[in-house]
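Okay, structure first, notes after.
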Amino acid sequence: MISHLVPPHIAAIEPYPPGKPIEELERELGITNSIKLASNENPLGPSPRALEAVREKLTGLHRYPDGSAFYLRRRIAEKLNVPMEGVVLGNGSNEIIELVIRTLIRSGLEVIIPNPSFLVYQLAVQTVGGTVVAVPLKNFTIDLDGILKAVTERTRLIFINNPNNPTGTVLSEKSFRNFFQKLPSDVALVIDEAYIEFTPPQSTFNGLNFVNSQGPWVVTTRTFSKAYGLAGLRVGYGVMDPQLASFLHRVRQPFNVSTLAQAAALAALDDDDFLERSRAVVQEGLEFLYRGLDALGVRYLRTHTNFFLIAVPVDAKKVYEAMLHEGVIIRAMNAYGLDRYVRINVGLPEENERFLRAFAKVLEQFDQ
């Protein structure tokens, strides 16, 4: 036994719960043609321009990627009107979150997170020996006043995911600006905008407007996994003050974003037609699913993303298991402390219809 070699703060971590491959679930349960609505993925698949760009790069896979991701960083900077020196690429925006934590946090320092929110925040803080301070949501929305009250002299970093995952709620610009003005200047802030492309601009604030060299350091993180349909390639980015970016570059691996991921993201970034179709499919799908759940008399939480929470009459894991046997993969929210909620993302029209049929059947099982 060599477990004594592992530091206690590492041994205490509960790994992020990955789902099984669809093929393995089908084999275990003896089902076919299952659908997955559990991971907030784009039902349209990848951007066609991204696929074409990937094909063009296949013959160069014997070469290392561009470690600086020059062309992709330059295009992101142009598109968002931010300094290129403040753009950092990651293996998904997940890695940007981890890089910020590894750069700024050590044992004895505190990181404030909303609860529930993206599970990786807590896991990444634990890996460096930091202390997580979880502030409960208020009416399923991030409690900004509660976060301010939780700030101490040991606080070095705050996470705000807007829209929030798993609730799909957003913050108003007025409330966030008031919160931001009260933050101490020695506290860094990560605004996680993984789903911002699905949110109408008038519904919330733009995190990029708070990235500057004055006051608290702000990092805005975004991803190509959701709206752009590139989850399998793992590419995201953070926008921040160039000085902070220079420190993250000291921590990150030199070839952290693959050649194919860079090419696909660069092409997808300018595929405006695909982005608009993705938004339209999600909005139409949400309205269809809302109507179907209303007809079933089921409570749910309206969302500003491509996913939403649905209340269930029994433990969410039981509903999850029952839906698996119907060939529909959803997410039970027990790990988030929401034991009576499941989460689904919008699928294609036929997938949304199948979900409603299966969900109605499962609800009947638990009514008996």
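One residue stands out in segment 289-321 among those that are outside any loop (DSSP other than H, G, I, E, B) and in contact (Cβ under 8 Å) with a residue 60 or more places away in the chain: the one that is farthest from the chain's Cα centre (by Cα), namely LEU296. Scanning segment 358-368 for residues that are in contact (Cβ under 8 Å) with a residue 40 or more places away in the chain and exposed (fewer than 14 other Cβ atoms within 10 Å of the Cβ) gives GLN365, PHE366, ASP367. Within segment 57-69, being closer than 30 Å to ARG277 by Cα and surrounded by 12 or more Cβ atoms within 10 Å (Cβ to Cβ) holds for LYS57, ALA69.
Might you check whether a residue that is outside the structural domain of ARG354 (by TED's automatic domain parsing), of a type in the set (Gly, Ala, Ser), assigned to a helix (DSSP H, G or I) and closer than 30 Å to VAL88 by Cα occurs anywhere in segment 254-263? There is at least one residue in segment 254-263 that is outside the structural domain of ARG354 (by TED's automatic domain parsing), of a type in the set (Gly, Ala, Ser), assigned to a helix (DSSP H, G or I) and closer than 30 Å to VAL88 by Cα. Taken over segment 54-84, the criterion of being among the small types (Gly, Ala, Ser) and under 19 Å from GLU197 (Cβ atoms) is satisfied by ALA77 alone. Filtering segment 55-70 to residues that are not basic (Lys, Arg) and not in a loop (DSSP other than H, G, I, E, B) leaves GLU56, LEU58, THR59, GLY60, PHE70. Of all residues in segment 143-157, those that are surrounded by fewer than 16 Cβ atoms within 10 Å (Cβ to Cβ) have Cβ atoms under 8 Å from Cβ atoms of residues that are part of a helix (DSSP H, G or I) and not small (Gly, Ala, Ser), 6 or more apart or on another chain, in ASP145/PHE179. Taken over segment 330-357, the criterion of being surrounded by fewer than 19 Cβ atoms within 10 Å (Cβ to Cβ), over 30 Å from LYS138 (Cβ atoms) and touching a strand residue (DSSP E or B) at 6+ places or on another chain (Cβ under 7 Å) is satisfied by GLU351 alone. Considering the conditions (1) at pLDDT 95 or above; (2) surrounded by fewer than 20 Cβ atoms within 10 Å (Cβ to Cβ); (3) within 25 Å of GLU284 (Cα to Cα), GLY327 is excluded by exactly one of them, (1).
The values are calculated or read from the model by the stated rules, or taken from the named source; none is laboratory data. Remember, predicted model here, so these are calculated numbers, not experimental data. Every residue, glycine as well, gets a Cβ built from its backbone with ideal geometry; the counts of neighbours run over all protein chains shown.
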